[in-house]
Amino acid sequence: MTDAKRLALVTGANRGIGREVALQLAREHGFHVLVGARDLSKGEAAAADIGQGAEAIEVDVAEVASVARAIDIIGDRFGKLDVLVNNAAVDYDTDQKASSADLDRVRRAFATNLFGPWSIAIAAIPLLRRSISPRIVNVSSGSGSLTDMDGGTAGYGISKAALNALTLKLADELRGDGILVNAVCPGWVATDMGGGGRPVPEGALGVVWAATLPDGGPTGGFFRDGKRIDW
């Protein structure tokens, strides 16, 4: 990595939205990208396809020890982090209702969708503070919007609503450090999880936009395609 390149860690980046965000950051914005993946071999395959010096890093955001190892590696090798994209998520549970949910399943979703981003943010903040223009992007969902929330996707939707709340807390606490923290809904996207919708590159654009905001840009917001949406 040259001194001129900014460093981004994208979790869950071996496929779907995360992979496309990593690709756009590397190819179109000149980032040195760390492709976070639970399965290192899948991360390495994605990084090789992305090119531009992208590297895989093993990280399971639901495991505190895995998060600590990954951040230690980044700190030892690079000494800082410019952008953290919390993309990893699980279990779009369209088959569940809040009135009859399997709470063990919901807890597993929360471990990745809420506590994962929370854990890695806490670990990464010291490295982000060493950046000139640090950013945290939490990849959220319209299903986590309290304004538009209805039944269904009990675990996923509620975990994303909690992620939005975390976004607000972190944004306020880190404002003085110049760390911009925003939540982004990529929309309904044709990924393995989403199952249909608009093309993946189109959905990823809003996440990349938040990752590359200029200094003085918005913080503590919920966005889709660069436009504010209701919490």
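The values are calculated or read from the model by the stated rules, or taken from the named source; none is laboratory data. Please read all numbers here as calculations on a predicted model, not as lab measurements. Neighbour counts run over all protein chains shown; Cβ positions are idealised from the backbone, glycine included.
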Subject >> Selection within the range 133-154 - surrounded by fewer than 18 Cβ atoms within 10 Å (Cβ to Cβ) and not charged (D, E, K, R) >> reply: Ser133, Leu146, Thr147, Met149, Gly151, Gly152
Original post:
Which condition number does Pro214 fail, the rest of (1) modelled with pLDDT of 95 or more; (2) assigned to a loop (DSSP other than H, G, I, E, B); (3) surrounded by 15 or more Cβ atoms within 10 Å (Cβ to Cβ) being met?
Top reply: (3)
Original post:
Looking only at strands (runs of 3 or more DSSP E) that fall completely inside the range 1-116, which ones have 2 or more residues that are under 26 Å from Ala154 (Cβ atoms)?
Top reply: 83-86
Subject >> Set Asp215, Asp177, Asp225, Asp230: member being in contact (Cβ under 8 Å) with a residue 24 or more places away in the chain, of a type in the set (D, E, K, R) and on the phi > 0 side of the Ramachandran plot >> reply: Asp225
Subject >> Residues that are out of contact with any Gly (no Cβ under 9 Å at 6 or more places or on another chain) and closer than 18 Å to Asp215 by Cβ, drawn from the range 126-139 >> reply: Leu128, Ile136, Val137
**OP:** Give the residues of the range 129-164 that are hydrophobic (A, V, I, L, M, F, W, C), within 15 Å of the chain's Cα centre (by Cα) and part of a helix (DSSP H, G or I), sorted by residue number.
**Re:** Ala161, Ala162, Leu163
Original post:
Which condition number in (1) of a type outside the set (A, V, I, L, M, F, W, C); (2) farther than 15 Å from Ala204 by Cα; (3) surrounded by fewer than 21 Cβ atoms within 10 Å (Cβ to Cβ) is the one that Gly36 fails?
Top reply: (3)
Original post:
Looking at Lys80, is it within 21 Å of Arg130 (Cα to Cα), in contact with a helix residue (DSSP H, G or I) (Cβ under 9 Å, 6 or more places away or on another chain), in contact (Cβ under 8 Å) with a residue 24 or more places away in the chain and of a type in the set (Lys, Arg)?
Top reply: yes
Original post:
Which of the residues belonging to the range 155-174 are surrounded by fewer than 14 Cβ atoms within 10 Å (Cβ to Cβ) and touching a Gly at 6+ places or on another chain (Cβ under 8 Å)?
Top reply: Asp172
**OP:** Any chance you could count how many residues in the range 61-92 are surrounded by 21 or more Cβ atoms within 10 Å (Cβ to Cβ) and of a type in the set (Asp, Glu)?
**Re:** 1
**OP:** Taking Asp172 as the residue in question, decide whether it is farther than 26 Å from Phe78 by Cα, assigned to a helix (DSSP H, G or I), over 13 Å from the mean Cα position of the chain (by Cα) and of a type outside the set (Lys, Arg).
**Re:** yes
**OP:** Identify, by number, the condition in (1) at pLDDT 95 or above; (2) under 21 Å from Glu20 (Cα atoms); (3) among the β-branched types (Val, Ile, Thr) that Val189 doesn't meet.
**Re:** (1)
